[in-house]
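All remarks here apply to the structure that follows.
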Amino acid sequence: MVMKMKSVQVPAQKSIALIAHDNYKQALCDWVIKHKDKLSAHRLCATGTTGYKIVQSSGLEVQKYVSGPLGGDQQIGAKIAEGEVDILIFFWDPFEPMPHDPDVKALLRIAAAWNIPVACTPASADFMVNSSLLAVAFDRNIPDYEGYLADRI
């Protein structure tokens, strides 16, 4: 099945989700501090422990969900599907098996399905936060769910 797509405008003020596996939480906190000035212009959200660590280290305001293994990854995935998250910064550990690996895969799949930018490393996150698109509105194609339903009803 090929999903029909439609264009939506992403506002200049983005909603950015921040997630990090245990071995990468400090790296994400360091990255946030490095880009604090740019990130402060946007709405930030994070899974539980990551969110608390970001607040402690940077002083930025962060909407915190529950810990990833307790459903935080799924909460952020739901926000992506609802159009409430525009960018996902997810420093995941490629060397450590995660007990909630299916949740992580589901989150990455939903991010791809809804065509949101995803950065999984500090280098890719640097490119993203330094993009000229970060501070301006831009058009993004997303699944046309209403069109999909109309074809089936």
### Message
Nearest 500 deg cm²/dmol is fine: what mean residue ellipticity at 222 nm does the chain get from its DSSP H runs of n ≥ 4 alone, each adding -39,500 (n - 2.57), divided by its residue count?
### Response
-12000 deg cm²/dmol
### Query
What are the ³J(HN,Hα) values, in whole Hz, obtained from phi via the Karplus relation 6.51 cos²θ - 1.76 cosθ + 1.60 with θ = phi - 60°, for each residue of the stretch 12-24 in sequence order, with x given for Gly and Pro?
5, 8, 8, 9, 10, 8, 10, 9, 8, 5, 3, 5, 10
### Summary
Taking E84, E146 and counting other beta carbon atoms within 10 angstrom, the fewest-first order is E146, E84
### Summary
Sorted by chain and number, the residues with a modelled amide H under 5 Å from that of N115, at a separation of 5 or more or across chains, are none
### Task
When a/c is below 1.5 the answer is rounded, else prolate if a/b is larger than b/c, else oblate, so apply that to the stretch 22-108 with a ≥ b ≥ c taken from the square roots of the Cα gyration tensor eigenvalues.
oblate
### Message
Rounding to the nearest 10 and keeping the result within 0 to 90°, find how far the Cα-based axis of helix 72-81 lies from the longest principal axis of the chain.
### Response
40
### Query
Using modelled amide H (1.01 Å from N, peptide plane; none on Pro or chain starts), what sits under 5 Å from the amide H of D93, excluding residues fewer than 5 places away?
H21
### Task
Show me 85-91, 3-9 ranked by packing, highest mean number of other Cβ atoms within 10 Å first.
85-91, 3-9
### Residue-wise HN-Hα coupling along the stretch 135-143, computed from phi with Karplus coefficients 6.51, -1.76, 1.60 (Hz; x: Gly, Pro)
9, 10, 6, 8, 8, 9, 7, 10, x
### Summary
With a 22 Å threshold on alpha-carbon distance, the violating pairs from K14/K36; K36/K105; K38/K64 are K36/K105
### Query
Based on the Cβ-Cβ distance of I153 and A113, what FRET efficiency does E = 1/(1 + (r/R0)^6) give at R0 = 22 Å, to the nearest 0.05?
0.55
### Task
For M5, enumerate residues with amide H under 5 Å from its amide H, sequence gap 5+ or separate chain, H modeled in the peptide plane.
D144
### Message
What does the extension gain come out to for S67 and F95, with contour length at 0.36 nm per residue minus their alpha carbon separation?
### Response
8.1 nm
### Query
Can you give the angle from 0 to 90° between the axis of helix 101-113 and the longest principal axis of the chain, with both taken from C-alpha atoms, to the nearest 10?
50
#### Entry: Extension gain, S7 back to A81 (0.36 nm per residue minus Cα-Cα distance, nm)
25.2 nm
#### Entry: Candidate aspartates and glutamates for bridging to K4, where Cα separation is under 12 Å - those fewer than 8 sequence places away on the same chain excluded
D144, E146, D151
### Summary
Dividing the mean separation of Cα pairs under 8 Å (6+ apart) by the residue count of the chain yields a relative contact order in percent of 34
### Task
For the stretch 62-71, just list the computed ³J(HN,Hα) in residue order, Karplus coefficients 6.51, -1.76 and 1.60, θ = phi - 60°, integers in Hz, with x standing in for Gly and Pro.
9, 6, 9, 9, 6, 4, x, x, 9, x
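We did not get these values from a lab; they are worked out from the coordinates using the rules stated. Everything quoted here is computed from the prediction, not taken from an experiment. Please note: Cβ atoms are built from the backbone with ideal geometry, for glycine as well, and neighbour counts cover all protein chains shown.
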